[in-house]
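Input: a single structure, listed below in structure tokens.
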Amino acid sequence: MITVKLVGGAKKSFLTENLQIDKSDISIKELLKLLLELKPDDSPKLDIENILIAINGVDSSAMDGESTIIKNNDLVSIIPVIHGGALKKITFKISSKQIQVIEIKGQPSIDVKFIDNLRKKYPKIQLQAVSSSFIMNSYHLKKILSLSFESKKNNILLSNKLEIDILMRFALTKQISDAILKVGIKPKSNFILIAIGNKKILNSLYEDLMPLSVNLFVKKNDSFLKKYFKISQKQLDVVYSKNPLEDILIEKAAILV
């Protein structure tokens, strides 16, 4: 038996908050197919292309994505991220590390000193800020973070700090100064704040910054990224993936050694 918890707009698709599925040892992909079959015909569409899926509180994209196997008694949470359920915060784990991500609205008074002051206030949290223009969505974000964590594990970071490695991989450069210039905080520009640390302290950080936060990944920036990193349609066409641009960016970030 699997319990499916429906959050936000997903509840409207099934007219309930919880579903009991009499199956186990199935993949997320198989579960989504089953849910589409179970959805009442007269209820709103369930947009499976724009959802976050967590298993027992752990984001599936930090596991095996749609291939992740759901076991008996697992709790599967389905959270829409665009239609009826845009999020101001996402939390997940990579390599047992708790990560929290929020988007901060750009203001004239917010510059590089903002992140320095946060680091002083929250010394037990690792923090990095990346321009919102350079992160497409949660898939792109989590894959890049996974690269940095894997590099730290294998002792092959691009810099001596995980936070700097993250910045360089989003900027697709091995030069720290170039990465800061490209994707660092700029006044009046939104940025994604990535925080790594204890869950309790992360919650305090969110409460502190909530008035400055906005919904994540609302602005579409695929055209900007294609132009900025000179990725042609021909390159995209040869990538066999439903996320070709993200996967090209991730591949480029992976070979920065």
task = Rounded to the nearest 500, what is the 222 nm mean residue ellipticity of the chain from helices alone, with -39500 (n - 2.57) per DSSP H run of 4+ residues and division by all residues?
result = -10500 deg cm²/dmol
remark   = Expected sort for V183, V257, V4 with the fewest Cβ neighbours (10 Å cutoff) up front is V257, V4, V183
I94 long-range amide H proximity, modeled H, under 5 Å = I99
task = Round to the nearest 10 and give me the degree value, 0 to 90, for the angle of helix 244-254's Cα axis relative to the longest principal axis of the chain.
result = 50
ask   = To the nearest 0.05, what FRET efficiency results for V238 and K120 with a Förster distance of 51 Å applied to their C-beta separation?
value = 0.60
task = Calculate the dipole size of the chain relative to its Cα centre from +1 charges on Lys and Arg beta carbons and -1 charges on Asp and Glu beta carbons; express the result in debye to the nearest 20.
result = 1020
message = Give me the one-decimal nm value for the distance between modelled label points at E207 and D47, 7 Å along each residue's Cα-to-Cβ direction.
response = 3.2
ask   = If you take the Cα Rg of region 98-189 and divide it by 2.2 N^0.38 Å, with N the number of residues, what do you get?
value = 1.05
task = Compute the projected area of the convex hull of the Cα atoms of region 202-257, averaged over all viewing directions, and report it in nm² to one decimal place.
result = 6.2
ask   = Under a straight-distance cross-link criterion of Cα-Cα below 20 Å, which lysines are reachable from K29, leaving out those fewer than 8 residues away in the same chain?
value = K5, K11, K39, K45, K71, K142, K143, K242
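Could you rank the peptides 53-59, 210-216 by their average count of other C-beta atoms within 10 Å per residue, with the highest value first? Please list the in-between numbers first.
Numbers: 53-59: 17.3, 210-216: 14.4.
Top of the packing list down: 53-59, 210-216.
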request  = May I ask you to sort V218, V130 by Cβ crowding, counting other Cβ atoms within 10 Å and putting the fewest first?
outcome  = V218, V130
Estimated Rh, region 2-80: Kirkwood, alpha-carbon pairs, angstrom = 12.4
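Which ordering of Y240, Y228, Y139 is given by a fewest-first count of other beta-carbon atoms within 10 Å?
Details: Y240 7, Y228 13, Y139 17.
Ranking Y240, Y228, Y139 by Cβ neighbours within 10 Å, fewest first, gives Y240, Y228, Y139.
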key: Long-range HN-HN contacts of I110 with modeled amide H, under 5 Å   = K188
task = Return the aspartates and glutamates within reach of K186: Cα separation strictly under 12 angstrom, same-chain partners fewer than 8 residues apart disregarded; answer none if there are no such residues.
result = D111
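Take the Cα gyration tensor of region 141-231, multiply each eigenvalue by 5, square-root it, and list the three semi-axes largest first, rounded to whole angstrom.
Values: eigenvalues 101, 85, 30 Å².
The equivalent ellipsoid of region 141-231 has semi-axes of 22, 21, 12 Å.
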request  = Report the semi-axes of the equivalent ellipsoid for the chain in whole Å, largest first, where each axis is √(5λ) for an eigenvalue λ of the Cα gyration tensor.
outcome  = 32, 21, 18
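Read the figures in this text as sums done on the coordinates, not as results from a lab. Just so you know, these numbers come straight off a predicted model, no measurement behind them. Note that each Cβ is placed from the backbone with ideal geometry, even for glycine, and that neighbours are counted across all protein chains shown.
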